[in-house]
Amino acid sequence: MTALRAAKTNNEADNPSSPVLRFGPDKPLKLDAGTLLSPFQIAYQTYGTLNDARSNAILVCHALTGDQHVANTNPVTGKPGWWEVLIGPGKIIDTNRFFVICSNVIGGCLGSTGPASTNPATGKPYGLDLPIITIRDMVRAQLMLVDHFGIEKLFCVLGGSMGGMQVLEWASCYSERVFSALPIATGARHSSQNIAFHEVGRQAVMADPDWHGGKYFEHGKRPEKGLAVARMAAHITYLSEAALHRKFGRNLQDREALTFGFDADFQIESYLRHQGMTFVDRFDANSYLYMTRSMDYFDLAADHGGRLADAFAGTKTRFCLVSFTSDWLFPTEESRSIVHALNAAGASVSFVEIDTDRGHDAFLLDEPELFAAINGFIGSAARARGLRA
Amino acid sequence: MSVNRAQRVDLEVVAGLIPPLSRVLDVGSGDGLLLELLQETKQVDGRGLELSQRGVNECVARGLSVIQGDADTDLEFYPDKGFDFVVLSQTLQATRNPKLVLDELLRIGNRAIVSFPNFGHWRVRLSLFFKGRMPVTEDLPYSWYDTPNIHFCTIRDFVNLVEELGASVEKATALDGNGQKIGLSMPWWFWNFFGQQAVFLLKR
C-alpha cells in the first residue's frame, strides 16, 4: 500500500490528476535565487464559475504540506479536501457564488514544478538541483496562473500559516490585484524558534541514509524514517499543550501497564508515529526541505528596508487577520504587529483573535468563531465589490 | 454590555457631526453601534479600535472593520491625519492617560469628537454633597471599587484640557437627563450643572 501510494505521489509530480498550466522557455519564472526556472508547470484546481466581469475569483493559498485539493477528494490520500469545512457549495466560501482557485505551490510535490519533478536537462528528478524557492516565487507563479484566467483583480486571497505568508506577499507585491486579503495564523516573518524547528526537521530527513544527498529516487529509495520524524516534531508545534493533554493525557495505548521498553506505551506516542507514517505516504522529502526553507526565508519587513508598514504603503486592499490564542507557532503578537503596520499604512483592517486550545491547526478545523469572522469579512467585502449575494 | 440605540442619544449627536463619506476611526467601538449607524446613514469609511476581544469578534462577524487594541497604547500606530474624524465616545474616562489619548486623537484625525459623562452634573454633586458617597447613577452604574471609569472629569475640566492641548472647540453639545440638548445660549456653568453627557467637536 505504502509503495503504491509512493509511486502515485511521484507520478503526481509530473502528471498530476489536476489540470496543469505549462510554461515554455518563452515564459520562465524569475526566482529570488537569481536564476530562471524554465520550463515549469502549475497544477491547480478550480471550483465554481468565473463571472462575466471576472470579479468573483478567490485564490486560496495552501500551507507547508497542503496542496491544490482544497475542496475535492485528495487523489493521493482519498480523504476530503483540506478546507472542505469552509469551501464548497452553500459553505461559508460558497462555490455557487465565487470562483475558487487553489494551486500547488512551486517547490511542492503534487504537480507544480518541485524537486520531485523531472529536470528536463537530465531526465531525472531535480532533487537539490532545483534552486531555493521563496514565498515570493510561489506568488509570482500564482500571478501567472491568475493572468491565464484573465483575472485583473482577485476578489480575495486567503490562506493560513505558509498560505498566510503568500497572502501577505500578494497584498504587498500586487496590492492593485487584490481586493481583499485574509491572512490567518501567520506572520510577516518566520521567528527564530520556527526556523529552529524547521532545521530539526530538515536534519532528520538528511540524516536518513535513504536520503542519498537528495537523489533517493535514483536509488529507488525514500527517506521515510527521517521524514516521519520531521513530521512528528512539526506536528507537536501545530497543537497546544492543553489540547494534547485534553486528548491524550498520559493514557496508555492498548495496554494496562507500562511495558518497561521503548514501544509506544503512551497514546500520544502512537498518535505521533501514525502522523509520521501517513505523512510519508503523501509527501516528498525534498519538497519538505524546500517548503520549510521558503518559510524560513520569509521576512516581509526586510524586503522593505526593515519597516513593515512600507510593505503596504498606499494599499487599497481590505484586510482581515485572524490568530488563535493557543497558537505558539504564530502567536497573536505576530498578527498584531502586521495590524499595527497596516494601521500605519492607513489600510482598512480587521483583526480577530479566537479563543481556542486547538493551537496552530485550529485554522483547518471547524471553528465557529473563525467562520463567523470570515463570513462577516467576505460578506462586507462582496457588498463593497458589488457582487450579488 | 449591549446597549440599545435609544439609550445612547449621544451616538445620534456624534453621527450628526459627521458628513457623509468621511473617513472615521471609532476608538472604543464597543459592539459597533456607532460604526453601523454611520455606515448605514452616512456611508462612511469606518474603522474601529476596541479593547474587548468579544466586541471585536462580533463587529467583524457583522462586516465592520474593527481591530482589538487599547486606546492607551495602540493609537501611536496610526499615521498623522489619517482620518477625517476620530471618535471617542464614552471611553475617555476609562483611559489611563486621557491627556495623551486626546492628544493622539487630535494628531490622527483632522477633527476629534469626544463624548463623556459629565461629573459636574447636579446629581453627581448632590450624591457627593448630601450622601457623601461616590455617585451610582443610570449613566454611571458602577461602584467606585469595580468601575472601569478611572478618570472622571466635568465639562469645565475637559474644556481646560482642550485648551492646554492647543485645540479649539468647534462645537459642543450637552444632553440633560432626558437626552435633550441643552440650549446653545446657556453659559458654561449651566451646561456643567445640567448636562449629564457632553459631546465635543475639536480641532487643532
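Quick check: anything in segment A:215-222 of a type in the set (Ser, Thr, Tyr) and within 25 Å of residue A:353 (Cβ to Cβ)? Reasoning before the result, please.
Filtering segment A:215-222 for residues of a type in the set (Ser, Thr, Tyr) gives A:216.
Narrowing the set further to residues that are within 25 Å of residue A:353 (Cβ to Cβ) leaves none.
Looking through segment A:215-222, none of the residues is of a type in the set (Ser, Thr, Tyr) and within 25 Å of residue A:353 (Cβ to Cβ).
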Within segment A:260-274, work out how many residues are closer than 11 Å to residue A:250 by Cβ and touching a residue at least 24 places away in the same chain (Cβ under 8 Å).
-> 1
Residue in segment A:45-80 that is farthest from residue A:288 (Cα to Cα), counting only those that are among the hydroxyl-bearing types (Ser, Thr, Tyr) and in a loop (DSSP other than H, G, I, E, B) = A:55
Run down B:113, B:150, B:155 and say which single residue is away from chain A (no Cβ under 14 Å) and surrounded by fewer than 17 Cβ atoms within 10 Å (Cβ to Cβ).
-> B:150
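Kindly check whether there is at least one residue in segment B:183-192 that is in contact with a His (Cβ under 9 Å, 6 or more places away or on another chain) and farther than 24 Å from residue B:28 by Cα.
If we filter segment B:183-192 for residues that are in contact with a His (Cβ under 9 Å, 6 or more places away or on another chain), which is where we start, we get B:192.
In the following step, the residues that additionally are farther than 24 Å from residue B:28 by Cα were identified as B:192.
Yes, some residue in segment B:183-192 is in contact with a His (Cβ under 9 Å, 6 or more places away or on another chain) and farther than 24 Å from residue B:28 by Cα.
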Tell me which residues, restricted to segment A:347-370, are in contact (Cβ under 8 Å) with a residue 24 or more places away in the chain and facing another protein chain (nearest Cβ under 9 Å).
-> A:348, A:349, A:350, A:351, A:352, A:353, A:354, A:355
Checklist (1) within 30 Å of residue A:211 (Cβ to Cβ); (2) surrounded by fewer than 22 Cβ atoms within 10 Å (Cβ to Cβ); (3) not hydrophobic (A, V, I, L, M, F, W, C) applied to residue A:153, failing item | (1)
If a residue has to be more than 17 Å from the chain's Cα centre (by Cα), away from chain A (no Cβ under 14 Å) and farther than 23 Å from residue B:203 by Cα to count, how many in segment B:5-49 make the cut?
-> 1
The lone exception for residue A:310 - which of (1) under 20 Å from residue A:139 (Cβ atoms); (2) in contact (Cβ under 8 Å) with a residue 40 or more places away in the chain; (3) among the charged types (D, E, K, R) it fails = (2)
When every residue in segment B:192-204 that is in contact with a Lys or Arg (Cβ under 9 Å, 6 or more places away or on another chain) and surrounded by 15 or more Cβ atoms within 10 Å (Cβ to Cβ) is compared, the one nearest to residue B:89 (Cα to Cα) is B:199
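Could you please give the count of residues in segment A:20-50 that are of a type in the set (Lys, Arg) and touching a residue at least 40 places away in the same chain (Cβ under 8 Å)?
Step one: list which residues in segment A:20-50 are of a type in the set (Lys, Arg), which gives A:22, A:27, A:30.
Applying the additional criterion that residues be touching a residue at least 40 places away in the same chain (Cβ under 8 Å) yields A:27, A:30.
Counting residues in segment A:20-50 that are of a type in the set (Lys, Arg) and touching a residue at least 40 places away in the same chain (Cβ under 8 Å) gives 2.
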Neighbours by Cβ (under 6 Å, 6+ apart or cross-chain): first from segment B:11-35, among the hydroxyl-bearing types (Ser, Thr, Tyr); second at pLDDT 90 or above = B:22/B:44; B:22/B:84; B:22/B:85; B:29/B:35; B:29/B:48; B:29/B:50; B:29/B:66
Tally, over segment A:328-344, of residues that are outside any helix (DSSP H, G or I), free of Cβ contacts under 8 Å to residues at least 40 places away in the same chain and either within 7 Å of chain B (Cβ to nearest Cβ) or buried (at least 20 other Cβ atoms within 10 Å of the Cβ) (or both) = 0
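Step by step: first the residues of segment A:236-255, then only those that are polar (S, T, N, Q) and closer than 20 Å to residue A:365 by Cβ, then the one that is nearest to the chain's Cα centre (by Cα). Which residue is that?
First, pick out the residues of segment A:236-255 that are polar (S, T, N, Q): A:237, A:240, A:251, A:253.
From what's left, closer than 20 Å to residue A:365 by Cβ: A:237, A:240.
Working: A:237: 15, A:240: 20 Å.
Only one residue tops the list, namely A:237.
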Residue within segment A:104-112 that is surrounded by fewer than 24 Cβ atoms within 10 Å (Cβ to Cβ), at pLDDT 95 or above and in the same structural domain as residue A:64 (by TED's automatic domain parsing) present | no
Out of curiosity, is residue B:136 more than 14 Å from chain A (Cβ to nearest Cβ) and within 27 Å of residue B:22 (Cβ to Cβ)?
-> no
Top-ranked residue in segment A:253-276 [being surrounded by fewer than 16 Cβ atoms within 10 Å (Cβ to Cβ) and hydrophobic (A, V, I, L, M, F, W, C); ranked as nearest to residue A:160 (Cα to Cα)] | A:262
Residues of segment B:139-179 being more than 17 Å from the chain's Cα centre (by Cα) and acidic (Asp, Glu), which ones?
-> B:146, B:163, B:164
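Which members of segment A:236-265 meet the condition of being assigned to a loop (DSSP other than H, G, I, E, B) and either in contact with a Phe, Trp or Tyr (Cβ under 8 Å, 6 or more places away or on another chain) or among the β-branched types (Val, Ile, Thr) (or both)?
To start, the set of residues in segment A:236-265 that are assigned to a loop (DSSP other than H, G, I, E, B) comprises A:239-240, A:248-251, A:253-265.
A:240, A:248, A:250, A:251, A:253, A:259 - these are the residues of segment A:236-265 that are assigned to a loop (DSSP other than H, G, I, E, B) and either in contact with a Phe, Trp or Tyr (Cβ under 8 Å, 6 or more places away or on another chain) or among the β-branched types (Val, Ile, Thr) (or both).
Evaluate the following for residue B:140: is it surrounded by 15 or more Cβ atoms within 10 Å (Cβ to Cβ) and either of a type in the set (Gly, Ala, Ser) or touching a residue at least 40 places away in the same chain (Cβ under 8 Å) (or both)? Let's see the steps before the verdict.
On the way: surrounded by 15 or more Cβ atoms within 10 Å (Cβ to Cβ): yes; either of a type in the set (Gly, Ala, Ser) or touching a residue at least 40 places away in the same chain (Cβ under 8 Å) (or both): no.
It is false that residue B:140 is surrounded by 15 or more Cβ atoms within 10 Å (Cβ to Cβ) and either of a type in the set (Gly, Ala, Ser) or touching a residue at least 40 places away in the same chain (Cβ under 8 Å) (or both).
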Could you tell me which numbered condition residue A:368 fails, if it satisfies all but one of (1) within 21 Å of the chain's Cα centre (by Cα); (2) surrounded by fewer than 22 Cβ atoms within 10 Å (Cβ to Cβ)?
-> (1)
Output yes when any residue across segment A:297-310 is outside any helix (DSSP H, G or I) and crowded, with 24+ Cβ neighbours inside 10 Å, and no when none is.
-> no
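Could you look through segment B:75-92, keep only residues that are touching a strand residue (DSSP E or B) at 6+ places or on another chain (Cβ under 8 Å) and aromatic (Phe, Trp, Tyr), and pick out the one that is nearest to the other protein chains (Cβ to nearest Cβ)?
The first filter runs over segment B:75-92 and keeps only residues touching a strand residue (DSSP E or B) at 6+ places or on another chain (Cβ under 8 Å), leaving B:75, B:78, B:81-92.
Cutting the leftovers down to aromatic (Phe, Trp, Tyr) gives us B:78, B:83, B:85.
Numbers: B:78: 5, B:83: 9, B:85: 15 Å.
Restricting to residues being touching a strand residue (DSSP E or B) at 6+ places or on another chain (Cβ under 8 Å) and aromatic (Phe, Trp, Tyr), the top hit is B:78.
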Answer from A:167, A:178 - the residue that is of a type in the set (Val, Ile, Thr), crowded, with 20+ Cβ neighbours inside 10 Å, within 30 Å of residue A:386 (Cα to Cα) and within 17 Å of the chain's Cα centre (by Cα) | A:167
Among the residues of segment A:311-327, which ones are buried (at least 22 other Cβ atoms within 10 Å of the Cβ) and either assigned to a loop (DSSP other than H, G, I, E, B) or not assigned by TED's automatic domain parsing to the domain that holds residue A:185 (or both)?
-> A:317, A:327
Restricting the search to segment B:50-74, which residues are within 9 Å of chain A (Cβ to nearest Cβ) and hydrophobic (A, V, I, L, M, F, W, C)?
-> B:56, B:59, B:60, B:61, B:64, B:66, B:67
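The values are calculated or read from the model by the stated rules, or taken from the named source; none is laboratory data. Because the structure is predicted, anything quoted here is derived from the model rather than measured. Because the Cβ atoms are built from the backbone with ideal geometry, glycine has one as well, and the counts that use them run over all protein chains shown.
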